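The values are calculated or read from the model by the stated rules, or taken from the named source; none is laboratory data. A quick note: this is a predicted structure, and the numbers were derived from the prediction, not measured. Here the Cβ positions follow ideal geometry from the backbone for every residue, glycine too, while neighbour counts run over all protein chains shown. These area figures cover heavy atoms from the full protein model, side chains too; ligands, DNA and RNA do not enter into them. Shrake-Rupley method; radii C 1.70, N 1.55, O 1.52, S 1.80 Å.
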2 protein chains.
Amino acid sequence: MLFVRKVPRTLAKIYIQNKQNMPNRRNFLKSSALAGAALTVPAAAAAAPDAPAVLKNARKSKINVGIIGSGFRGQSHIDLLLRRDDCEVTAVADIDARMLDYTRKIFAKAGKPQPKYYTDGEQDYRNLLQQPGLDAVMIATPWRFHTEQAVAAMRAGIYVGTEVCGAFSIDECWQLVNTQEETGTQLFFLENVCYRRDVMAIMNMVKKGMFGELLHLEGGYQHDLRHVKFNDGKEAYGGGVEFGEKTFHEAKWRTQHSLRRNGDLYPTHGLGPVAQMLDIHRGNRFVSLTSMASNARGLHEYIVNHPQGGENHPNAKLRWALGDKVTTMIKCANGESVVLHHDTNLPRPYSLGFRVQGTKGIWMDVNKSLLIEGLTEDHKWTPAQEFLDKYEHPAWQKNAEKAVGAGHGGMDWFLVDDFVECVKAGKKATIDVYDAAAWLAVTPLSEASIAQGSAAVAFPDFTRGRWI
Amino acid sequence: MLFVRKVPRTLAKIYIQNKQNMPNRRNFLKSSALAGAALTVPAAAAAAPDAPAVLKNARKSKINVGIIGSGFRGQSHIDLLLRRDDCEVTAVADIDARMLDYTRKIFAKAGKPQPKYYTDGEQDYRNLLQQPGLDAVMIATPWRFHTEQAVAAMRAGIYVGTEVCGAFSIDECWQLVNTQEETGTQLFFLENVCYRRDVMAIMNMVKKGMFGELLHLEGGYQHDLRHVKFNDGKEAYGGGVEFGEKTFHEAKWRTQHSLRRNGDLYPTHGLGPVAQMLDIHRGNRFVSLTSMASNARGLHEYIVNHPQGGENHPNAKLRWALGDKVTTMIKCANGESVVLHHDTNLPRPYSLGFRVQGTKGIWMDVNKSLLIEGLTEDHKWTPAQEFLDKYEHPAWQKNAEKAVGAGHGGMDWFLVDDFVECVKAGKKATIDVYDAAAWLAVTPLSEASIAQGSAAVAFPDFTRGRWI
């Protein structure tokens, strides 16, 4: 149990504000006996462009999964996979000794055989992809490896799930699309917020027409990551103002992006649910965006004011590129507007800042309230919970019990379950390569817009017209 | 009392959601005995560019005020002025018989002599400006008259207060600035939200440095105005889907703007407080903006679904220009970003959507919560009320009792009080012509940006460099 207490492995990213959701082994064991039933996928994802609903590979009742990158996020996936009776984790690639040690302990704890490990440098994952019998891989490495590894996995014919980030270039997004189309191998973009309980209930209400025609949506990533971007090299979160090679976990690589890049570096938690509600690539698409960044002050202030930092600390001399608040407006082909918030350097509460607004009503998550014309009082906010309960998405109605204790309020259970069921059935990914490309593209496009003084920048049509 | 019940005169604009704040005659009478003490003006407004703090005209203990436009907003001002012992309302110009009737009743009710009325057409206000002994005028006419009338008042040497709106052109903003500079006559921009109790408390906290260096602010005008934009020609609000000449109150003229224009038509309620917090024209300025509009659906839906409307109603054939949600991002010279929301055609709760965010904390009004690093719990929203009480602005500390029952939660009392005190003292306007020009300019600039696909558009520097 020491390990469980020390490393909140299923909650690497938002563990700070979500301590109450830390995995509870007892609940997990209880619920894992029920696991395996198919997830009803998000309603919006029903019909993506132009791919067979069931792929060539035969339906399987049990699959072998490989993990590329077994940091805390990869460990969370391993943990959820090992609790199921319909999959085995037979291969793991990572190069961090401490993370590998944690990983081995998860297998030991679960009473499962250790997988084959690929630890011989950054390219050893290519050998993992050659391991016989692998049905799928999940990629949870630092951002810069995602595309290279996903492309290699698709070329190896292995169903690939790839973790969220933002792209570095538009070319990279095209690489994903082109490789998927060339190989026919599916890519499932592992955006867990699309499975959040309130988000799926609202999606259900959207698809029932309760908000009328959608007009304006907002979302984002607003999370004080200063404890994540800096640590002392020992603990994963906080305790110092160091980052880079000598540190541990995300500070090792993620912080560099804040030093060098100015844009929405992490768009998909906010954009994914919004895109599904807006039927992006199912009759709609993102047409253009414009972004604006505030000054970059938060990380410098954090270093200067930290007990382990101070004005004379070497990191206090750095000039950070990333504006503390980056705001992006996106225009859709069907006329809707979207606002995306990115805000990770300042003291603030966690909030993805969702807003869903149509001709018949509005929901916001920051005040957990809504107004639906004719159903709630005019001109007043009504607490949303009653509606979230009443219109709970069928997937959550069916499986909420199983998700108890899983990461990020349970949504990670739904994400992994959906991925596994898609792989088993040989089905098209619920969140596919076109979704991935368009959502990831926000990062380089927002960088371009900011670099040009908030110029409007066009989105490529990654579906080549098939969104229509 | 019938009149008071039928016409919520001090609450014409937001009476629907604010019924609890409707004027209470008993409170008013009680508090009016205390009226007259000088208002401590918003902290941010202390030092505007390059004008003498006290103007040439001698200090007066009592002033004569003229009202140009005595619709509901003008009547609200008259009502507040007549309750004071330091001013008389000696002139009123309007052309609407029903509004003039209401106006006469306010004077009768207050036991005050009727003013001289100027009712002979739209240009009769020019004769009002020649009336001997006038110290100030307040302009509360439809938007298109504001600049023409303010310019004429300044040319007549009369201290002018002018109501909020958005400009039609940048030239119009320059006209205000140029006339003020040529004549030396003050223009006070009557933006009441700068006097809102929570806004002034937050401003107080901002000026004490409690939010650290400001980085990102939001505000706006988010108010379901469908009942305001349409009526039945009898009542002021709702009851039909008519607008234009045959209707009453704002539907008579305001609705035309939604039909023909696409931009942030009403920017100053949100922008005024934000500008004061950001020291705009006191060392900072707005540099550029970009705007995006959603589809325009709300007003058409309202007409089609209204019992007095329907698909065959002539107004159901109209194509509305104004996007239901218009979002504007503004970049400041000192690097801060601002987001402005405009949202008046949809079913929604009233919310100006304020957000004030700096290196040390964040406040939002939609959830009435804040986080101040070191003073509140990390990563959590804390209810703001305790801080709003503790850091109440000195003006509200001193005069809150007097404002009980005044329009818009009491803030109108502070607005009118500040205006009257500035006129009496011959002081520079708290919210001056440069503020007015920059805030009003958002409307034509946002129209231009939207027309160019959300292009970034530059703000003129109305201070000609003196903001520095």
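Taking 15 Å as the cut-off, the amide N atoms of the stretch B:231-265 that come nearer than this to a point 7 Å along the Cα-to-beta-carbon line of B:GLN308 belong to B:231-253, B:255.
In this structure, the amide hydrogen of B:SER369, modeled 1.01 Å from its nitrogen in the peptide plane, lies closer than 5 angstrom to those of B:MET364, B:ALA384, counting only residues at least 5 positions away or on a different chain. Taking the label point 7 Å along Cα→Cβ, B:PRO314 and its counterparts in the other copies are spaced 7.8 nm apart, in ascending order.
Would the stretch A:151-247 count as rounded, prolate or oblate if I go by the C-alpha gyration tensor, calling it rounded below 1.5 in a/c and otherwise prolate when a/b exceeds b/c, oblate otherwise? Present the calculation step by step, with values, prior to reporting the outcome.
Working: a/c = 2.46, a/b = 1.17, b/c = 2.11.
Oblate shape, in that a/c is at least 1.5 and b/c is the bigger or equal ratio.
Which positions within the stretch A:348-381 get 40 Å² or more of their accessible surface covered by the other protein chains, compared to the chain by itself, with a 1.4 angstrom probe? So the qualifying set is A:ARG348, A:PRO349, A:ARG355, A:GLN357, A:THR359, A:VAL366, A:GLU373, A:HIS379, A:TRP381.
Between chains A and B, what is the buried accessible area summed over both chains (1.4 Å probe, protein heavy atoms, nearest 100 Å²)?
Working: alone 18110 and 18100 Å², together 31700 Å².
For A against B, buried area totals roughly 4500 Å².
Look at the dipole of the protein assembly as shown built from charges on Cβ: of A:ILE78, B:THR255, A:VAL241, the Cα furthest out on the positive end belongs to A:ILE78. Residues of the stretch B:202-224 that bury at least 50 Å² of accessible area once all protein chains are present, compared with their chain alone (1.4 Å probe, heavy atoms only, ligands and nucleic acids left out), are B:LEU215.
Mind checking the dipole of the stretch A:333-440: about its Cα centre, +1 per Lys or Arg Cβ, -1 per Asp or Glu Cβ, Debye to the nearest 20? Don't skip to the end; give the middle numbers.
Values: 11 positive and 16 negative charges, 21 e Å.
With Lys and Arg at +1 and Asp and Glu at -1, about 100 debye.
In order along the stretch B:292-307, the Karplus-derived 3J(HN,Hα) couplings, from 6.51 cos²θ - 1.76 cosθ + 1.60 at θ = phi - 60°, round to 9, 10, 7, 4, 9, 10, x, 6, 4, 4, 4, 5, 5, 8, 7, x Hz, and Gly and Pro are given as x.
Express the carbon and sulfur contribution to the solvent-accessible surface of the protein assembly as shown as a percent, rounded to the nearest whole number, probe 1.4 angstrom. Walk me through the numbers on the way to the answer.
Numbers: 15870 of 31700 Å².
Roughly 50 percent of what the probe reaches on the protein assembly as shown is carbon or sulfur.
Rounded to the nearest Hz, the phi-derived 3J(HN,Hα) couplings of the stretch B:337-342 under the Karplus curve 6.51 cos²θ - 1.76 cosθ + 1.60 (θ = phi - 60°) are 10, 10, 10, 10, 10, 9, where x marks glycine and proline.
Each copy carries a label point for B:ARG466 at 7 Å from Cα toward Cβ; from one copy, the others' points are 6.3 nm away, ordered from shortest. Inter-copy label distances at A:ASP101, using a point 7 Å along Cα-to-Cβ, come to 8.8 nm with the shortest given first. Rounded to the nearest 20 debye, the dipole size of chain A about its Cα centre is 1100 debye, using +1 on the Cβ of Lys and Arg and -1 on the Cβ of Asp and Glu.
Name the shape class, rounded, prolate or oblate, that the alpha-carbon gyration tensor gives for the stretch B:364-468, where a ≥ b ≥ c are the square roots of its eigenvalues, rounded holds for a/c under 1.5, and otherwise prolate holds if a/b is larger than b/c and oblate otherwise. If you can, show how the numbers build up before the last one.
On the way: a/c = 2.16, a/b = 1.19, b/c = 1.82.
Oblate is the answer for the stretch B:364-468, as a/c is 1.5 or above yet b/c matches or exceeds a/b.
Of the GluC sites (Glu not before Pro) in the stretch A:298-356, the ones in a loop by DSSP (not H, G, I, E or B) with at most 14 other beta carbons within 10 Å are A:GLU311.
Summing Lys and Arg as +1 and Asp and Glu as -1 over all other residues whose Cβ lies under 11 Å from the Cβ of B:GLN114 gives a net charge of +4. Think of the protein assembly as shown as a dipole: +1 on every Lys or Arg Cβ, -1 on every Asp or Glu Cβ, centred on the Cα centre; then among A:PHE462, A:VAL193, A:ALA152, A:VAL193 lies furthest on the positive end. Give the separation of the Cα centroids, the stretch A:351-389 to the stretch A:262-296, in Å. Value for the Cα centre distance between the two parts: 21 Å.
Looking only at other chains, what is the average number of their beta-carbon atoms within 10 angstrom of each beta-carbon in B:290-301?
On the way: counts 9, 3, 11, 5, 13, 10, 2, 7, 6, 0, 1, 6.
For this peptide, the per-residue mean of nearby foreign Cβ atoms is 6.
For the stretch A:393-468, the solvent-accessible area works out to 25 Å² per residue, with a probe of 1.4 Å and every protein chain left in place. Of all lysines in the structure, the ones whose alpha carbon falls short of 24 Å from that of B:LYS390, not counting any fewer than 8 places away in one chain, are B:LYS207, B:LYS208, B:LYS360, B:LYS368, B:LYS380, B:LYS398, B:LYS402. For the stretch A:295-338, trypsin sites (Lys or Arg not before Pro) are listed when DSSP marks them as loop and at most 15 other Cβ atoms sit within 10 Å of their Cβ; the list is A:ARG319.
Restricted to Cα atoms, the protein assembly as shown shows a radius of gyration and a Dmax of 30.1, 99 angstrom.
Please work out whether chain A counts as rounded, prolate or oblate from its C-alpha gyration tensor, where a ≥ b ≥ c are the square roots of the eigenvalues and a/c under 1.5 means rounded, while otherwise a/b larger than b/c means prolate and anything else oblate? Provide the component values of the computation, followed by the final result.
Working: a/c = 1.29, a/b = 1.05, b/c = 1.23.
It comes out rounded by the Cα gyration axes.
Would you please name the trypsin sites (Lys or Arg not before Pro) within the stretch A:233-267 that are DSSP coil residues with at most 16 other C-beta atoms within 10 Å of their C-beta? Sparse-neighbourhood loop trypsin sites (Lys or Arg not before Pro): A:LYS234, A:LYS246.
Using the Cβ atoms and a cut-off under 12 Å, what net charge is assigned to the surroundings of B:PHE168, where Lys and Arg are +1 and Asp and Glu are -1? Spelling it out: positives minus negatives among the neighbours equals -1.
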